[in-house]
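Notes for the one structure printed next.
What follows is calculated from the coordinates using simple rules that are stated; it is not laboratory data. Model, not experiment: these values are computed from the prediction. Here the Cβ is made from the backbone with ideal geometry for all residues, glycine too, and neighbour counts use every protein chain on show.
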Amino acid sequence: MKSAFQRTTKTETELKGVRQIVVVGDVGCTGFGDLSKQVFGAVLRHQADLFMITGDLAHTGATEQLTEVIDFCNTRTQKPVFALCGNHDLPGYAECCGLSTYAIVLQRVVLVCLDNSKGSFEPADLEFLRHQLQKHDGKRFVVLFHVPPPLESIRSVMKEDAWHELRRVLDSHKSRIDCIICGHLHGFHEYHLDGYHIFITAGGGAAMIYQMPKEECKTFNALRLAFKDDGSIAIEMIPIQV
């Protein structure tokens, strides 16, 4: 049977017929135990053409931990599953999951996945983003990475200088950036920063151990992205009850 989990070997993958994506984060950050499997399993039962994990599949980045989550995906869905690298996925991510910076090109939208698992972006990754924005200048963009941009009163986020480095690439294309999607802070949060619409979805099964802006943010969740015929994207938070 064809594997659902996609080990990325190409920097750009073109997919056709994708109308709905479900994005989930931090499925194994605090261990991939029974509760995590219940939550992540419930996510994978949702209707989608494509699933994406915003990092922290594993607790320590051991290959056996990553493989357990990959095997779980392959037994729960037949739809493609792509992943981002989280800080807990090091050092085994590359061996098990492949490239950590890549693009998925859809009919009207490009999903750019970047690696900031160490809290910042490498120059080559920012150059890749710049190239994608220039190459697909007629498309809209969703940018995904693990550690969120700065968030008031929250410590476990990207430093200001790393955010400014990213903005140097994004700002001249701001009108085409539909949203930024991250993980890392367990729960859900939606905010705006410097004109960018940002979603944190990291409620894929990990324990709610992080400080969040509001206590009600600490909830199991995923995001659904629905692509409309007019090119717009409808984004909905999906509460996960187990």
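Taking the alpha carbon gyration tensor of the chain, multiplying each eigenvalue by 5 and rooting it gives semi-axes of 24, 21, 18 Å, largest first. Amide H contacts under 5 Å for residue 12: 103, restricted to partners 5 or more places along the chain or on a different chain, H placed in the peptide plane at 1.01 Å from N.
Straight-line cross-link partners of residue 135 among the lysines, defined as a Cα under 21 Å from its Cα and at least 8 positions apart when in the same chain: 10, 16, 174. Find how much the distance from residue 16 to residue 107 grows on full extension, using 0.36 nm per residue of separation minus their present alpha carbon separation; answer in nm with one decimal. The residue 16-residue 107 span can extend by a further 32.1 nm. Working from label points 7 Å from Cα in the Cα-to-Cβ sense, the residue 139 to residue 164 distance is 3.2 nm. Residue separation of residue 9 and residue 219 scaled by 0.36 nm, minus their Cα-Cα distance, works out to 72.3 nm of gained length. The simple spin-label model puts a point 7 Å past each Cα toward its Cβ; for residue 197 and residue 124 those points are separated by 3.4 nm. For the chain, the antiparallel share of DSSP beta bridges with both residues in that region comes to about 45%. So for the range 40-151, considering every pair of alpha-carbon atoms, how many percent are separated by more than 25 Å? Tail fraction, whole percent: 24.
Length, then width, then depth: along the principal axes, the Cα atoms of the range 156-242 run 42, 38, 17 Å.
Relative contact order, whole percent, for the range 35-186 stands at 21, derived from Cα pairs under 8 Å and 6 or more residues apart. Under the combined filter of DSSP loop state and at most 15 neighbouring Cβ atoms within 10 Å, the range 137-239 retains these GluC sites (Glu not before Pro): 152.
Estimated purely from DSSP H runs of n ≥ 4, each contributing -39500 (n - 2.57), the mean residue ellipticity at 222 nm for the chain is -6500 deg cm²/dmol once divided by its residues.
With a Förster radius of 35 Å applied to the C-beta separation of residue 176 and residue 38, the computed FRET efficiency comes to 0.40. Charges were assigned to the Cβ only: +1 to each Lys and Arg, -1 to each Asp and Glu. The resulting dipole of the range 162-217 about its Cα centre is roughly 180 debye. Label positions at residue 234 and residue 63, each projected 7 Å from the Cα along the C-beta direction, are separated by 4.4 nm.
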